[in-house]
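The values are calculated or read from the model by the stated rules, or taken from the named source; none is laboratory data. Treat the numbers as computed from the prediction; the structure is a model and nothing was measured. Cβ coordinates were reconstructed from backbone atoms using ideal geometry, including for glycine residues, and neighbour counts include every protein chain displayed. Heads up: the accessible areas ignore ligands, DNA and RNA and are worked out on the full protein's heavy atoms, side chains in. Shrake-Rupley method; radii C 1.70, N 1.55, O 1.52, S 1.80 Å.
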Amino acid sequence: MMDFPMEDIRICVVGLGYVGLPLARLFSTKYKTIGFDKNSARVESLMRGHDATLEVSDDLLQSALKSGFECTSDLERIKGCNFYVVAVPTPVDNDNVPDLTPLYGASEMVGKVISKGDIVVYESTVYPGVTEDECIPVIERVSGLKFNVDFYAGYSPERINPGDKEHTVEKIIKVTSGSTPEVADIVDRVYNAVLVNGTHKASSIRVAEASKIIENAQRDVNIAFMNELAKIFNAMDIDTNDVIEAASTKWNFIKMRPGLVGGHCISVDPYYLIQKAEVYGVLPRVMISARRLNDAMGAYVAEQTIKCMNKKGLVVKNAKILVLGFTFKENCPDIRNTKVADIYHTLNEYTQNIEIYDPMPDGQKVKDEYGITLSTRPLSAMKGEFDAVILAVAHSQFKDLDVRSFLSQPQKGVVYDVKGFLPREVVDGRL
């Protein structure tokens, strides 16, 4: 029997991004909590009371800091903790091969500070087996401690939806698991103490890992189906949104819409399961096809815009085009894997006169990551300049825009709506 001090839980959350910070802030309402991130600039900003990701409001963060919550880049500061939560990114490389480097690095850091009797819980999205087969051996090697004898592990997949103010971390149901039945109970109790809607305790760490990976793979496949339908119906000159509205009157129709699939979850996570499936000799054809189809949608949007311009007799070469929105989804500053970049690069083969306006992300980060410069001009200064406008991201601040006012020829110019966000009568094409 392990002896874990439930009355004296000291939590450290490793990784203070879109996932880690909201979780750490929530844990701090019940437990002594410290957040760790190796990015000292990020830590300094958080300790001043501002979260650049906008996932935690300044008021909530500042209240947590006043109540004892702390963020640090100093490993020495987290040595006194006994419940470590790892929430670092799990990206893929340029060939879409899973990159576990951040997880290995976080596991090494935990290995340097973990003590006998401690528990480490992973939240990063991975394929089944990563926690026990990849991460735990790193902790054992660095710490000199033996798994399930000196320290224990759990897995509770993150379910953060960037920019979503309804399904916040305290309201979602969390899947939990542990390396032994007793540890699973402890992990479940720790999370349950801060969640409104409770937990689902999985039968094993591998089951919990698998549950997370299929959440996003399922959405990827469903969106790919809708994107394929959009291509079919656009070719037939049928409005896809009208078709979806009609079909959704049936009680068991799953109402989803076509769109660009970016971000750090849906556009990345399926590759983790695809790779592991192939190791076991299974070729996941549906998931592979869905990834290929969704990854190509940015270029498709650009091509459809060009088609609309050709139909109206507009010269595409050197045309002036305004793109509204750059982030991977609406109302958040997250630019990870945004497919708007693909729209830009496809259009850029025909014209260099492309202006992208998005006030949400950090322009320098966009420049550093994508080599694209966001416009710094106010929208009011862009009226009457463009041959075409693409509404790429449905930020709420774009809702009441007179989009056609940005066209140099309001009747002849083209407005393409990726999100089905604008009134039908003002657009010339939509996904």
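Structure notes:
- Note on the stretch 338-347: residues that are over 17 Å from Lys419 (Cβ atoms) and either part of a loop (DSSP other than H, G, I, E, B) or open to solvent by less than 10 Å² (accessible area, probe 1.4 Å) (or both) total 1.
- Among the criteria (1) open to solvent by less than 10 Å² (accessible area, probe 1.4 Å); (2) in contact (Cβ under 8 Å) with a residue 60 or more places away in the chain; (3) part of a loop (DSSP other than H, G, I, E, B), the one Lys329 does not fulfil is (1).
- Within this structure, Tyr127 passes the test of being not in a strand (DSSP E or B) and not β-branched (Val, Ile, Thr).
- Some residue of the stretch 147-168 being in contact with an Asp or Glu (Cβ under 9 Å, 6 or more places away or on another chain), over 25 Å from Gly105 (Cα atoms) and among the hydrophobic types (A, V, I, L, M, F, W, C): no
- Meets criteria (small (Gly, Ala, Ser) and in contact with a helix residue (DSSP H, G or I) (Cβ under 6 Å, 6 or more places away or on another chain)) for Gly178: yes
- Scanning the stretch 272-286 for residues that are open to solvent by 30 Å² or more (accessible area, probe 1.4 Å), touching a helix residue (DSSP H, G or I) at 6+ places or on another chain (Cβ under 9 Å) and closer than 24 Å to Glu158 by Cβ yields a count of 2.
Listed here are the residues, each with its yes/no results for (1) farther than 30 Å from Pro333 by Cα; (2) open to solvent by less than 70 Å² (accessible area, probe 1.4 Å); (3) modelled with pLDDT of 95 or more; (4) in contact with a Leu (Cβ under 9 Å, 6 or more places away or on another chain).
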| position | (1), (2), (3), (4) |
| --- | --- |
| Ile205 | yes, yes, yes, no |
| Ile213 | no, yes, no, yes |
| Arg219 | no, no, no, no |
| Phe233 | yes, yes, yes, no |
| Lys255 | no, no, no, no |
| Gly262 | no, yes, no, no |
| Ala299 | no, yes, yes, no |
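- Contact annotation: residue pairs with Cβ atoms under 8 Å, 6 or more positions apart or on different chains, pairing a residue in the stretch 251-269 that is at positive phi with a partner that is surrounded by 15 or more Cβ atoms within 10 Å (Cβ to Cβ) and among the aromatic types (Phe, Trp, Tyr), are Gly263/Phe328.
- Only one entry of Thr199, Thr131, Thr168 meets the criterion of being modelled with pLDDT of 95 or more, open to solvent by 30 Å² or more (accessible area, probe 1.4 Å) and among the β-branched types (Val, Ile, Thr), and that entry is Thr199.
- The single residue among Leu103, Leu75, Leu54 that is without any contact (Cβ under 8 Å) to a residue 60 or more places away in the chain and either surrounded by 23 or more Cβ atoms within 10 Å (Cβ to Cβ) or within 20 Å of the chain's Cα centre (by Cα) (or both) turns out to be Leu103.
- Enumeration of residues in the stretch 78-90 that are of a type outside the set (A, V, I, L, M, F, W, C) and surrounded by 15 or more Cβ atoms within 10 Å (Cβ to Cβ): Asn82, Tyr84, Pro89, Thr90
- Test set (1) open to solvent by less than 40 Å² (accessible area, probe 1.4 Å); (2) assigned to a loop (DSSP other than H, G, I, E, B); (3) at negative phi - Glu355 fails condition number: (2)
- Checking each residue in the stretch 52-67 for being closer than 18 Å to Glu166 by Cα and assigned to a loop (DSSP other than H, G, I, E, B) picks out Thr53, Leu54, Glu55, Val56, Ser57.
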